[in-house]
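Chemist: First, the structure itself, so that you have it in front of you.
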Amino acid sequence: MLKRAASTDLSRAAPPGAGRAEGLPAALLLAPFVLVFVLFFLGPAAQTFWLSLTESSLTRTSAFVGVANYATLVRDEAFWASLGHTFYFSLLTVIPLTALGLLMALLVHRFVRASSWLQGAFFLPYVLPISVMTLIADWMLQPSSGVINHIVGGQRAWLADVDWAMPMVAIGTIWWTVGFNMLMLLAGLRNIPAELYEAAALDGARGFTLFRAITWPALRPVVGTALLLQLIASLKIFGQTYILTTGGPFNTTRVTLHYMYETAFTQSDAGYAAAIAMAFMTVVIALSLLQVWLGRSWQRARSGRGT
């Protein structure tokens, strides 16, 4: 009876518009994000989708053609080849970037006295513009005067080699962007309570045992986030291949965004380029959602086994 009376008193005490009044600050805080999302994502995406249903150039909009551009896209071997090159680049960069970033974060976290210097040294390449990064990479990969050929010997034209062009672009990208992963994972490491390590050390845990029992379980969500961000970034590759190789040799580094750019600005086929953009956006979203789902499923499976 007392609980029922208390709940009745509370419900009577709450003013009629209390729920709406409490939700107003949250709505005001969300409003800028929603506005930016609508103006800079939903709006352009809707316009691009409409453009993909027309036969348009950069200067004029022609007749409505329905899904004709998408039907052409399904049969376009160049599109599928560019998508394969994009996936190949992702395969070369996503896991190595995350693994190397984790190793660097562990190194910085271990050597506390030199952590500021190490953070600066590892993160410095990330602040470079892409033009500077590609200039450095191109200089290092020069056949006659490049640092890489001085190390391995010979005068190989790395960026003109069908087998080595994309791996070299991937290596340059890893050097350029690994600092971001390092900082993200380092922040995760510093959020792990020191008391956990002290208690484990009292039980005799050392080295890899500490990493397996404490560090890795605590870092799994951060690693999952890093993998997702790297996957999205790698799928959106454009600048590195455009500047370093211009899609060559023999289109082996022409990725999907490069193909879309050529279709729009070289061939002036804006309608078909918009269809490429919409199809590629669908692929990126689908792969991102798949990775999130796989990560959560794996986490639930691990929790179910009690590990």
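Values in this text are rule-based calculations from the coordinates and carry no lab data. It should be emphasised that the depicted structure is a prediction, and the values quoted were computed from it without experimental measurement. Every residue, glycine among them, receives a Cβ derived from its backbone with ideal geometry; neighbour counts consider all protein chains shown.
Chemist: At R0 = 30 Å, how high is the FRET efficiency between Ile136 and Leu100 if r is their beta carbon distance? Nearest 0.05 is fine.
Modeler: About 0.95, to the nearest 0.05.
Chemist: Take Val283 and Asn191, extend 7 Å from each Cα along the Cα→Cβ direction, and tell me the distance between the two endpoints in nm.
Modeler: 3.3
Chemist: Just from its helices, what would the mean residue ellipticity at 222 nm be for the chain, if runs of 4 or more DSSP H residues each count -39500 (n - 2.57) and the sum is divided by every residue, rounded to the nearest 500 deg cm²/dmol?
Modeler: -22500 deg cm²/dmol, from helical runs alone.
Chemist: Considering only DSSP states other than H, G, I, E and B, which trypsin sites (Lys or Arg not before Pro) in region 61-163 qualify as loop sites with at most 10 other Cβ atoms within 10 Å? If you can, show how the numbers build up before the last one.
Modeler: Values: sites: Arg75, Arg110, Arg113, Arg156; in loops: Arg75, Arg113, Arg156.
Here the sparse-neighbourhood loop sites are Arg75, Arg113.
Chemist: For Gln299 and Ser115, compute 0.36 nm times the residue count separating them, minus their Cα-Cα distance, and round to one decimal in nm.
Modeler: Length gained, Gln299 through Ser115: 63.1 nm.
Chemist: Give me the number: length gained by fully extending His150 to Ile232, i.e. 0.36 nm times residue separation minus the C-alpha to C-alpha distance, one decimal in nm. Please report the intermediate quantities before stating the final value.
Modeler: On the way: separation 82, 0.36 × 82 = 29.52 nm, distance 3.46 nm.
Length difference between fully extended and current span is 26.1 nm.
Chemist: Computed FRET efficiency, Cβ-Cβ of Tyr88 and Val36, R0 45 Å: what is it to the nearest 0.05?
Modeler: 0.85
Chemist: Same structure again: Taking the Cβ-Cβ separation of Phe211 and Ala63 as r and a Förster radius of 51 Å, what is the calculated FRET efficiency to the nearest 0.05?
Modeler: 0.25
Chemist: Could you tell me which of Leu97, Tyr242, Val108 has its Cα farthest along the dipole of the chain towards the positive end, charges placed at Cβ (Lys, Arg +1; Asp, Glu -1), taken about the Cα centre?
Modeler: Val108
Chemist: Further question on the same structure: With springs only between Cα atoms under 10 Å, which of Pro193, Pro221, Pro25 fluctuates most in a Gaussian network model of the chain?
Modeler: Of Pro193, Pro221, Pro25, the Gaussian network model singles out Pro25 as fluctuating most.
Chemist: While we're looking at this one, here's another question. Give the long-range amide H neighbours of Thr54: residues separated by 5 or more places, or on another chain, with amide H under 5 Å away, using H modelled in the peptide plane at 1.01 Å from N.
Modeler: Val65
Chemist: Translational D (Stokes-Einstein, µm²/s) of the chain at 4 °C and 1.567 mPa s when Rh comes from the Kirkwood sum over C-alpha pairs?
Modeler: Result for D is 55 µm²/s.
Chemist: Counting alpha carbon pairs within less than 8 Å and at least 6 residues apart, what relative contact order, in whole percent, applies to region 71-304?
Modeler: Working: 229 pairs, mean separation 66.0, N = 234.
Relative contact order for region 71-304 comes out at 28 percent.
Chemist: Given Cβ point charges of +1 (Lys, Arg) and -1 (Asp, Glu) and nothing else, what value in debye, to the nearest 20, does the dipole of the chain about its Cα centre take? Write out the running numbers ahead of the final one.
Modeler: On the way: 19 positive and 13 negative charges, 250 e Å.
In total the dipole reaches around 1200 debye.
Chemist: Between Tyr126 and Val162, what is 0.36 nm times their sequence separation minus the Cα-Cα distance? Round to one decimal in nm.
Modeler: 10.2 nm
Chemist: Connecting C-alpha atoms closer than 10 Å in a GNM of the chain, tell me which of Ala218, Ala233, Ala26 has the biggest fluctuation.
Modeler: Checking each option, the largest mean-square fluctuation is seen for Ala26.
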